[in-house]
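The values are calculated or read from the model by the stated rules, or taken from the named source; none is laboratory data. Keep in mind it's a predicted model, so treat the numbers as computed, not measured. Note that each Cβ is placed from the backbone with ideal geometry, even for glycine, and that neighbours are counted across all protein chains shown. To get the accessible areas, we keep the full protein, side chains included, count just its heavy atoms, and leave off ligands, DNA and RNA. Shrake-Rupley method; radii C 1.70, N 1.55, O 1.52, S 1.80 Å.
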Amino acid sequence: MQFTVNGQFEPTIKTKAGQTEIWVLANVSDFAYMNVQLTETATGYHPKIAIVGLDGNPFSAVQYPVTEDGTRLLIPPASRAAIAITMPKEGDLVLELPPRGGGAKTINAPGVLYTNNGTENPPAVLGTLTVEPSAVSYVDGFFAFPTQMLVKAVPSEGTGTTTALCRWAAT
């Protein structure tokens, strides 16, 4: 399984350092979960993900994911999340499906390897499939979803406008 951004695999986009933008992340799969994280490449820092809307409904105040101290957002199948990102002053900003972490163990499961030898009944070999935790972003009990860089934002010339985000709406 591979995820794309606007139909492109692991694209690079340009944005000004310090610029705040709204990115809408759409999981159009009917079964895959997207466990996303932002990484600032200059420092390795994972900023909190500022959610400003879900499924086309804007929030009156910024919300943050409850998992991983707000640095990872799990987007279920057929869902959209609008997030506010701010390009760091130095380095790139990467949106990725990170490794599971948290003491995840190697997955071992029975598997069948089919090879195409040009016949109507291709040979199959029964064996064991082994997947290291560093290659898995999310497991839902049946499917295992791979790690992947989704998009890399690189700095363009000039300085952008940083928008302060409020956690609570004024009344």
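Trp23 passes all but one of (1) assigned to a strand (DSSP E or B); (2) open to solvent by less than 20 Å² (accessible area, probe 1.4 Å); which number fails?
Answer for Trp23: the failing condition is (2).
Would you check which residues across region 4-25 are on the phi < 0 side of the Ramachandran plot and touching a Ser or Thr at 6+ places or on another chain (Cβ under 8 Å) and list them?
Lys14, Thr15, Lys16, Ala17, Gln19, Thr20, Glu21 - these are the residues of region 4-25 that are on the phi < 0 side of the Ramachandran plot and touching a Ser or Thr at 6+ places or on another chain (Cβ under 8 Å).
Glu68 versus (1) at pLDDT 90 or above; (2) buried (at least 16 other Cβ atoms within 10 Å of the Cβ); (3) not hydroxyl-bearing (Ser, Thr, Tyr): which is the lone unmet condition?
(1)
Name, by its number, the condition in (1) in a loop (DSSP other than H, G, I, E, B); (2) crowded, with 18+ Cβ neighbours inside 10 Å that does not hold for Ala82.
Of everything listed in (1) in a loop (DSSP other than H, G, I, E, B); (2) crowded, with 18+ Cβ neighbours inside 10 Å, Ala82 misses just condition (1).
When you go through Pro146, Pro76 one by one, which is the residue that is more than 23 Å from Thr41 (Cβ to Cβ), surrounded by 12 or more Cβ atoms within 10 Å (Cβ to Cβ) and either under 12 Å from the mean Cα position of the chain (by Cα) or basic (Lys, Arg) (or both)?
Selected residue: Pro76, the only one of Pro146, Pro76 that is more than 23 Å from Thr41 (Cβ to Cβ), surrounded by 12 or more Cβ atoms within 10 Å (Cβ to Cβ) and either under 12 Å from the mean Cα position of the chain (by Cα) or basic (Lys, Arg) (or both).
Give me the pairs, please: first residue somewhere in region 109-122 and touching a residue at least 60 places away in the same chain (Cβ under 8 Å), second residue anywhere and part of a loop (DSSP other than H, G, I, E, B) and open to solvent by 70 Å² or more (accessible area, probe 1.4 Å), beta-carbon distance under 9 Å, and either six or more positions apart or on two chains.
So the pair list comes out empty.
Does region 69-79 hold any residues that are free of Cβ contacts under 8 Å to residues at least 60 places away in the same chain and either assigned to a strand (DSSP E or B) or under 16 Å from Ala164 (Cα atoms) (or both), and which are they?
Selection gives Arg72, Leu73, Ile75, Ser79.
From the list Ala109, Ala104, pick out the single residue that is more than 24 Å from Thr4 (Cβ to Cβ), open to solvent by less than 70 Å² (accessible area, probe 1.4 Å) and part of a loop (DSSP other than H, G, I, E, B).
Ala104
Which one is least open to solvent (accessible area, probe 1.4 Å), of the residues in region 120-129 that are at pLDDT 80 or above and part of a strand (DSSP E or B)?
Among them, the one singled out is Gly127.
Only one residue in Val94, Val52, Val62, Val66 is part of a strand (DSSP E or B) and farther than 21 Å from Ala164 by Cβ, so which one is that?
One residue alone meets the criteria, Val94.
Within region 139-156, identify whether any single residue is closer than 28 Å to Val28 by Cα, polar (S, T, N, Q) and touching a Lys or Arg at 6+ places or on another chain (Cβ under 8 Å), and answer yes or no.
no
Would you point out the residue of region 123-145, among those that are among the hydrophobic types (A, V, I, L, M, F, W, C) and touching a residue at least 60 places away in the same chain (Cβ under 8 Å), that is nearest to Glu96 (Cα to Cα)?
Phe145
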